[in-house]
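Peer 1: Sharing a structure here in structure tokens format.
The values are calculated or read from the model by the stated rules, or taken from the named source; none is laboratory data. Given the structure is predicted, the values throughout are model-derived calculations rather than measurements. Glycine gets a Cβ as well: all are built from the backbone with ideal geometry, and neighbour counts include every protein chain shown.
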Amino acid sequence: MSNELLKPVIGITSGDLNGIGIELIIKSLSDHRILDICIPVVFSGNKSINFYRKSLPDYNFTYNSTKDFSKLSHKQVNLFSCWEEEVAIQPGVLNATGGEYALRSLEVAVKALKEGNIHGLVTAPIHKQNIQSETFQYTGHTPYLKAQFQADDVVMMMVAENMRVAVVTEHIPVKEIAGLITRENILRKIKIMHQSLQTDFGIEKPRIAVLGLNPHAGDEGLIGTEEETIIKPAIKDAKHNMLVFGPYSADAFFARAQYNQFDAVLAMYHDQGLIPFKSLALGEGINYTAGLPAVRTSPDHGTAFDIAGKGKADHTSFIAAIFEAIDIIRTRQGYKDARANPMKKMSARILANAVDEKVEE
């Protein structure tokens, strides 16, 4: 693995300036030990960062300000200046300013990701309403990034120590869910999950569970027919070359902790997957966009306007998102290296066997 990916460059967006995003950034990056494992680059403005830094005197946050990726510091947090003007920040207020600068930060960061100036991206929370504009007409980061990278499809996957939960449909009205539960959509999501579990999480033969759409997974057609006519056929298609099981009744599946038997779970819609994830996940959960050519993570919460500017924001999910991005970048590179040079992998195994034999002697 190249030395640069042992210490990757991680871009971090500001999120809504009136939310908790910059507070999370300051708290997370004030622990300078993070500089041992990555080179952080925050996409924001000096005055916006300093606005929140003044209200967090207990955190030793310093940074190197630059507009040139060739001049990134490896010994400090880097601030890539996206604007120079002083922005009227109003913590906890939903207004156009918060959305405008959240989008500017995101656009500059995504451009850097596309051009290879950063190796991964961690996005601070945005508000889906006030970020809407001519260039952002999406329900969140996930569909925006899908469009930016021209991906055929992506999967929103929630990741924690004890479970990974993905969804077929994301941020859409409940009345539209059933229309998007198709055999093709389910199979496509399963394939993306399977590939991601292998390349991004290092699981050679992942086991994937699929939930039903209706209560009790339809009760064999008594409570809806989608399981019989759509979900089971999709699972059957996937079983030709993947370990896929289901459909499971969602309530019993989580209540009986059946998720412990699988590497990931595919839920049919947002609340079916995210409510149990946020209730049962161990450690700090994060959001990962599977299916992109680049790595993007985020914390598993929103802008939290109710506590913005009060110094109360918990940054543990945010720092977990940074760590996960680093881990996935390294795992991807390891997967690529192993397949690019199979003799190297074989040589490593021979050497390991020789060492074992020597120890036994």
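Peer 1: Search the stretch 124-147 for residues that are outside the structural domain of HIS301 (by TED's automatic domain parsing) and pair each with any residue that is surrounded by fewer than 22 Cβ atoms within 10 Å (Cβ to Cβ) and acidic (Asp, Glu) when their beta-carbon atoms are under 8 Å apart and the residues are at least 6 apart or on different chains.
Peer 2: none
Peer 1: Here are some conditions: (1) within 16 Å of the chain's Cα centre (by Cα); (2) surrounded by fewer than 21 Cβ atoms within 10 Å (Cβ to Cβ); (3) assigned to a helix (DSSP H, G or I). GLY283 meets all but one. Which one does it not meet?
Peer 2: (3)
Peer 1: Another one. Can you name every residue in the stretch 261-280 that is part of a helix (DSSP H, G or I) and not β-branched (Val, Ile, Thr)?
Peer 2: To start, the set of residues in the stretch 261-280 that are part of a helix (DSSP H, G or I) comprises 261, 270-280.
Selection gives GLN261, HIS270, ASP271, GLN272, GLY273, LEU274, PRO276, PHE277, LYS278, SER279, LEU280.
Peer 1: For the stretch 87-109, which positions are outside any helix (DSSP H, G or I) and either touching a strand residue (DSSP E or B) at 6+ places or on another chain (Cβ under 8 Å) or without any contact (Cβ under 8 Å) to a residue 40 or more places away in the chain (or both)? Break it down stepwise before answering.
Peer 2: The first filter runs over the stretch 87-109 and keeps only residues outside any helix (DSSP H, G or I), leaving 87-95.
Answer for the stretch 87-109, where residues must be outside any helix (DSSP H, G or I) and either touching a strand residue (DSSP E or B) at 6+ places or on another chain (Cβ under 8 Å) or without any contact (Cβ under 8 Å) to a residue 40 or more places away in the chain (or both): just ALA88.
Peer 1: Could you list, in sequence order, all residues of the stretch 113-128 that are over 19 Å from SER317 (Cα atoms) and out of contact with any strand residue (DSSP E or B) (no Cβ under 6 Å at 6 or more places or on another chain)?
Peer 2: Listed by number, the residues that qualify are LYS114, GLU115, GLY116, ASN117, LYS128.
Peer 1: Are there any helices (runs of 4 or more DSSP H) wholly within the stretch 114-213 with 2 or more residues that are buried (at least 20 other Cβ atoms within 10 Å of the Cβ) and under 16 Å from the mean Cα position of the chain (by Cα), and if so which? Full working, then the answer.
Peer 2: Details: elements: 141-148, 177-180, 183-199.
So the answer is 141-148, 183-199.
Matching residues to (1) modelled with pLDDT under 95; (2) crowded, with 16+ Cβ neighbours inside 10 Å; (3) over 16 Å from SER105 (Cα atoms):
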residue: ASN60; (1), (2), (3): yes, no, yes
residue: TRP83; (1), (2), (3): no, yes, no
residue: GLU86; (1), (2), (3): yes, no, no
residue: PRO91; (1), (2), (3): no, yes, yes
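Peer 1: Sort through THR303, THR297, THR289 and tell me the only one that's of a type in the set (Val, Ile, Thr) and part of a loop (DSSP other than H, G, I, E, B).
Peer 2: Of the residues listed, the single one that is of a type in the set (Val, Ile, Thr) and part of a loop (DSSP other than H, G, I, E, B) is THR303.
Peer 1: Considering the stretch 220-230 alone, what residues qualify as being buried (at least 17 other Cβ atoms within 10 Å of the Cβ) and either of a type in the set (A, V, I, L, M, F, W, C) or in a loop (DSSP other than H, G, I, E, B) (or both)?
Peer 2: Filtering the stretch 220-230 down to residues buried (at least 17 other Cβ atoms within 10 Å of the Cβ) leaves 224, 226-227, 230.
GLY224, ILE230, listed by residue number.
Peer 1: Step by step: first the residues of the stretch 295-316, then only those that are under 14 Å from the mean Cα position of the chain (by Cα) and crowded, with 20+ Cβ neighbours inside 10 Å, then the one that is modelled with the lowest pLDDT. Which residue is that?
Peer 2: Step one: of the stretch 295-316, the residues under 14 Å from the mean Cα position of the chain (by Cα) are 295-302.
Okay, now just the ones that are also crowded, with 20+ Cβ neighbours inside 10 Å, so 295-300.
On the way: VAL295: 98, ARG296: 98, THR297: 98, SER298: 97, PRO299: 95, ASP300: 92.
Within the stretch 295-316, the match that is modelled with the lowest pLDDT is ASP300.
Peer 1: Taking the stated definitions as given, is GLU86 of a type in the set (Asp, Glu) and more than 23 Å from ARG296 (Cβ to Cβ)?
Peer 2: Values: of a type in the set (Asp, Glu): yes; more than 23 Å from ARG296 (Cβ to Cβ): yes.
Judged against the criteria, GLU86 is a match.
Peer 1: What do you reckon, is ILE319 surrounded by 17 or more Cβ atoms within 10 Å (Cβ to Cβ), within 15 Å of the chain's Cα centre (by Cα) and either of a type outside the set (A, V, I, L, M, F, W, C) or under 16 Å from GLY15 (Cβ atoms) (or both)?
Peer 2: yes
Peer 1: Continuing with the same structure: Name the residue, out of ALA234, ALA252, ALA217, that is outside any loop (DSSP other than H, G, I, E, B), modelled with pLDDT under 95 and either over 21 Å from ARG332 (Cβ atoms) or under 19 Å from the mean Cα position of the chain (by Cα) (or both).
Peer 2: Just a single option satisfies the conditions, and that option is ALA217.
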